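I have placed the structure first, in the form of structure tokens, so that the comments after it can refer back to it.
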Amino acid sequence: MMHSTKLYSEIFTGALNRYGKLTYWNEVTGEKDLYEEKRPIPIEDHLSRKEYLGRSPVNEETQMCDWLGIDIDIKFNARGFCSKVWSELGTQYFPFMTLNKRWRIIEFLDEPMDVKLVHQRAKELQERIKKELGIETDDKATTPTIPGDEKAVGRWLFLPYGCDYDTCYSPSGKPLTIDQFFFRHKYRNHPIVIAGIGIGGGGKDGSRGNHLYYVELYKKHFDCDVELKEINQNYGTPLDADGPFSKFEKEQKHILKSVEKDNYNKEYFLNGAPGWMKDTCGFKPYLDAKGFSAITSAITDNHIYVQARTDFYEKDTNQFKSKEQINDWWQSKIKGKKSMTGELLSNADLVKVRSYLTHPGLPPGVVSITRGMIKGTSEGDYLNIYDDPQIIPNNNIEWKRFDEYYSFLLGPDNWMIEKQKLAFCLRAKEELYELGIKVQWFSIWHSVVQGVGKGLFSQVVQSLFGYRNVAPNVKFKDMVGNHTTIIEGKQIIFLNEVVLENNTAKTKVLSNEFKDLITEPVLWINPKNKPQIEIPNLCNFWVFSNSDTPLYIEDDDRRAFVINIKHSKQTINYKLIEEGYKNDILKVIDDPSGFKHHLLNDITYDRDMFFNDAPFTQDKQELIDSNKSEFLQEMEARHEAMEFPFGYRDEVKMIGMTNDHLFTWHYRGMLNKLKLRQMLKQSEDFKGVFISLNDIDIVLKKLSTKWPNGEWTKQIVLASGKRIRVYCTHPLSFEGDYITELTEGELGELYENTDMNLRFR
């Protein structure tokens, strides 16, 4: 314990005279009480599980830090998450499971840095996690913060190894002992060394002999002093190392003899080691090298050139990289030769494709698309960036309690529709040559109460469809804003907590921009500093919101399936906590194979339902009504009853012997918005009501019939020669002709003549 305590304290340095501790923890509800002690932290009490302690990485005397931490308040499958951290962020980042079984990413610095610089470094890492992993971090738990004064320490984080599962994890998702963590920390700058920590025996999950061999070959060509015996001690299942004739000694002797062979050179290592790491850890890292030619073949195999983007796709990281990014990365290895991308593009072995798509019905990687196969594509080779989650349906895995909760939450009929939608999305291979895999409407879950289970549902879907294929927490502005590339590589997107501005016109515009994403077969995306790119639109959407008016939904809307969750907070909490449904949902997040079996084998549907109008609900009608302003509702009622301003009005108000208020309104079935606003302002019915021209425009478009030329307004000519534009708010008739059939001059005469006899069509 003494050795562990000392080494642990040297790694998790920080505040000298202040620490936090946990005084109460409810594992079911997540409730906890915290307390801050103003004295040196007793690390030995933490490691012995006597107390559960936290520490700020900021030394209050020097204002320097040795590490930083980023919290992710989401539960993920350990293997998928840890592999993604290593492959897409880098091997220098340590994934830890936290007390509440969420995740934390820690970076240990090679040299102490000023807290302000480390704070900025942490913010940049947050942005990388959001951009490259598609995950929102917990900004409130990011350390270090910049203290308020030079003697403060800022925010603190609970330290690992204070409970059974609060540990560091390997790239294959296995928990590491504290000694394995120490080893991982010591050799953190040598990916080939630490890749094998925690592995078992043979096969793709182990291959200890291959690992030891590649490490020894690595030592031959690069500066690393690790001993094979030390590596063996940190395997999950070490080789027997006792005695001169042990399995380990035999293996080591064979390895040492093999690496001396001339053909087992640096190029051999560079070509072979990444493949072993791919099999063992799930990713293929970059390895440092001094020979340009030795690395060229390796990176050629790792890149695909995508013509539509003029970018390269890195298979290791599952990211698009610009020419500048690749050239900058390899600059030190080129040494006067032409650019790395120039070498790549001139290499006949480099794979090149026309464009890219995300299609779960096709194998990941390069696919050949035939004419008419997929809407929005032409014939040729495409890169399919879909990542198959490989969840095998298993009828023996429990899912029914999860099903019961969402049937209660949404209502049985609504929940069945959502399950049909999920089942359809899962059957991509079956649906490929039919109408496609994209549902032509979207779901809105609306709830005034927070914490009802919307986020848990998105996590289930992410686990079911694959980590990289689902965006679980996208902000609305990121979806409809400039340079939006969030839809790349996504089969399903959840727009969370959608709240639009209290501006009807702008809300309508933004809502319509989003709705275009639902039905358009192709999308134009705008990568920053790149020309627009056209890609097939194969993405399906859910919208979550606690706002009364999350999106602008009109009477004739056909794209929104609306569910209003009306249960109280007390009822929800009782279901989730007291009746234990939350734990049952978490189990499905960990293993969705039972629910997948249910969707594929028990759920039937008429596939046309996904290509027709969205299912109509009373909740949708309520949302439509809530989008209407009081002014619009009043005008709709008057329009239907043909009352002023959609009917005649003589309005006189007498005060004494003078006319204080007098006007006569003759309705001719058409309205000019400027004149209408003027008459409304004069009318006693609308006294004190602010009416903008934008309000008038919305009402008139809502209540009007388009003119025969397809336009909302038509120019008419008055007797004075003045020209104005009018809406056709009622297609009235005059002397057998409808006003929509009259000329500009005839309409002008009709508009001004109070004696003409008009009839309702």
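The values are calculated or read from the model by the stated rules, or taken from the named source; none is laboratory data. As the structure is a prediction and not an experimental result, all values here were calculated from the model. So basically every Cβ, Gly included, is an ideal-geometry build from the backbone, and we count neighbours across all protein chains shown.
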From 704, 683, grab the single residue that is modelled with pLDDT of 85 or more and within 19 Å of residue 630 (Cα to Cα).
704
Could you please tell me which pairs satisfy a Cβ distance under 9 Å, a separation of 6+ or placement on different chains, a first residue in segment 682-706 that is over 19 Å from residue 670 (Cβ atoms) and among the aromatic types (Phe, Trp, Tyr), and a second residue that is at pLDDT below 85 and assigned to a helix (DSSP H, G or I)?
686/631; 686/634
Could you tell me whether residue 325 is farther than 30 Å from residue 422 by Cα, polar (S, T, N, Q) and out of contact with any strand residue (DSSP E or B) (no Cβ under 8 Å at 6 or more places or on another chain)?
yes
Here the residues within segment 295-328 that are touching a Ser or Thr at 6+ places or on another chain (Cβ under 7 Å), modelled with pLDDT of 85 or more and of a type in the set (D, E, K, R) are 311, 323
So in segment 20-46, with the set limited to residues that are over 30 Å from residue 574 (Cβ atoms) and touching a helix residue (DSSP H, G or I) at 6+ places or on another chain (Cβ under 9 Å), which one is surrounded by the fewest Cβ atoms within 10 Å (Cβ to Cβ)?
44
For segment 24-52 the number of residues that are of a type in the set (S, T, N, Q) and over 35 Å from the mean Cα position of the chain (by Cα) is 1
Expected output for segment 167-181 (first residue at positive phi, partner surrounded by 24 or more Cβ atoms within 10 Å (Cβ to Cβ) and part of a helix (DSSP H, G or I), Cβ below 6 Å, 6+ apart or cross-chain) is 173/82
Only one of 475, 508, 490 is at pLDDT below 85, within 10 Å of the chain's Cα centre (by Cα) and assigned by TED's automatic domain parsing to the domain that holds residue 612; which?
475
Is segment 47-57 home to any residue that is part of a strand (DSSP E or B), small (Gly, Ala, Ser) and under 30 Å from residue 573 (Cα atoms)?
yes
Residues being part of a helix (DSSP H, G or I), within 23 Å of the chain's Cα centre (by Cα) and either exposed (fewer than 15 other Cβ atoms within 10 Å of the Cβ) or of a type outside the set (Val, Ile, Thr) (or both): count how many of those fall in segment 78-126.
17
Which residues, counting only those in segment 145-180, are crowded, with 19+ Cβ neighbours inside 10 Å and more than 32 Å from the chain's Cα centre (by Cα)?
153, 180
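Of everything in segment 381-394 that's over 22 Å from the mean Cα position of the chain (by Cα) and surrounded by 14 or more Cβ atoms within 10 Å (Cβ to Cβ), which residue is farthest from residue 588 (Cα to Cα)?
First pass over segment 381-394, keeping only residues over 22 Å from the mean Cα position of the chain (by Cα): 381-382, 392-394.
Restricting the remaining residues to those that are surrounded by 14 or more Cβ atoms within 10 Å (Cβ to Cβ) gives 381-382, 393-394.
Details: 381: 37, 382: 34, 393: 12, 394: 12 Å.
Restricting to residues being over 22 Å from the mean Cα position of the chain (by Cα) and surrounded by 14 or more Cβ atoms within 10 Å (Cβ to Cβ), the top hit is 381.
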Candidate set: segment 619-649, residues that are out of contact with any Phe, Trp or Tyr (no Cβ under 8 Å at 6 or more places or on another chain) and not in a helix (DSSP H, G or I); chosen: the one modelled with the highest pLDDT:
643
